[in-house]
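For reference, the structure discussed in these notes is given below.
The values are calculated or read from the model by the stated rules, or taken from the named source; none is laboratory data. Just so it is clear, the model here is predicted, and its values are computed rather than measured. Every residue, glycine among them, receives a Cβ derived from its backbone with ideal geometry; neighbour counts consider all protein chains shown.
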C-alpha cells in the first residue's frame, strides 16, 4: 500500500511540474534558389523632400514590379538570374507635377508625361543578368549599364537625367535584389549582424548606410515559414562637390533607419519588407563652404530633409501589377 501511495505521489509531481522550455533550434539564412523559380516583387517607394529655403516641398511615389527568374545554380550555390522590370508607376507632386503608369493603355496612356515615358519605357524593354551568392550578396550585374547609357543619351531635360540615375542606377537595382546579406553561422533569436551600403547621391556625395539586423524569431507569412528580421541603423555622407556648379559642402545633421523584413526559410527569398529612412542634411554654399566663418564671408546654408518609405512584397504569378 505504501509503495502504491509513493508511486501515485511521484506521478502527481510529474504532472504538476512545468515542462522544461526548449530553445528553438538555430536557423541558417541562405539563398537557396532553384532553376526555374520565378520571383515577382512589387516595391513601392514614397519620398518626401523639404528644403528650408523653398516654400513647397516635393513628394514622389514610385512603384516597380521586378521579375527574377533563376536560370542556373552552380554546385557552390551561386545563382544566375534574368531580371526585368514588368511595370513602373511614378507620381511626382510639387513645383513640377508629373505622372507615368506603364499599365495604362489606349486613350488612358495619353495621360502619361512624355518626359517620364522617355525615361521608363526603355527600361521596361530591357533585360539584365545577375549572379547572387548563397549569402544573398549580388556579385555581378550585366546588361544594365548598356541600357542606362542608351536611355540617358535620349533624355532631353537635365532634371530627368538626375531622377533617372536615382531610380534606375545599379545601386537602386542592387538594393531591390540584394535585400540582405546573411552571416555564415546559424542564428538564434536575438542574434545580430551588421551590413553597410554605399549609395551614390548625384551632386551630394556618397551616402553611407549602416544597418544592424536582428533575428527576432520565426513567423508564418501566408504559407511560408519566415525569419523575422528587425532592421535599425543610421546614415552618414561623404560630401563631393566636383559635380556642383558652385562650391558646396554637405553634412549629415541627423538620421534614422528602421524596418522589418521576412525571409522564407526554405528558399532565402524575400517575402515582405518595410523600411523607413529619415535624413536631415546641411548644405553649405560658397568659397568657404563647411567652415565656421562661412556666414561672415557671404556663405549660405540650407537644410534638406529627406524621408523615404519603402515597402516590398512578393506577389503571385497572376497578381495585378499594382493595387
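Yes/no per residue for (1) surrounded by 19 or more Cβ atoms within 10 Å (Cβ to Cβ); (2) at pLDDT 90 or above:
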site: 168; (1), (2): yes, no
site: 187; (1), (2): yes, yes
site: 197; (1), (2): no, no
site: 211; (1), (2): yes, yes
site: 225; (1), (2): no, yes
site: 233; (1), (2): yes, yes
site: 278; (1), (2): no, yes
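Conditions tested, residue by residue: (1) at pLDDT 95 or above; (2) touching a strand residue (DSSP E or B) at 6+ places or on another chain (Cβ under 6 Å); (3) more than 22 Å from residue 274 (Cα to Cα).
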{"position": "47", "(1), (2), (3)": "no, yes, no"}
{"position": "60", "(1), (2), (3)": "no, yes, no"}
{"position": "72", "(1), (2), (3)": "yes, yes, yes"}
{"position": "81", "(1), (2), (3)": "yes, yes, yes"}
{"position": "87", "(1), (2), (3)": "yes, yes, no"}
{"position": "107", "(1), (2), (3)": "no, no, yes"}
{"position": "110", "(1), (2), (3)": "no, no, yes"}
{"position": "128", "(1), (2), (3)": "no, yes, yes"}
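Counted as qualifying within the stretch 22-112 are the strands (runs of 3 or more DSSP E) with 3 or more residues that are under 20 Å from the mean Cα position of the chain (by Cα) and surrounded by 12 or more Cβ atoms within 10 Å (Cβ to Cβ), namely 38-51, 58-73, 79-93.
Residues in the stretch 113-153 that are under 24 Å from the mean Cα position of the chain (by Cα), part of a helix (DSSP H, G or I), surrounded by fewer than 19 Cβ atoms within 10 Å (Cβ to Cβ) and in contact (Cβ under 8 Å) with a residue 24 or more places away in the chain: 122, 124, 145, 147. When residue 220 is tested against the conditions (1) assigned to a strand (DSSP E or B); (2) without any contact (Cβ under 8 Å) to a residue 24 or more places away in the chain; (3) within 30 Å of residue 305 (Cβ to Cβ), the lone failure is (3). Inclusion of residue 182 among residues that are part of a strand (DSSP E or B) and surrounded by 15 or more Cβ atoms within 10 Å (Cβ to Cβ) is not warranted. A Cβ distance below 6 Å, combined with a sequence gap of six or more or placement on separate chains, defines the contacts here; from the stretch 234-247, residues that are farther than 11 Å from residue 202 by Cα reach residues that are modelled with pLDDT of 85 or more and surrounded by fewer than 17 Cβ atoms within 10 Å (Cβ to Cβ) in the pairs 234/210; 236/208; 238/206.
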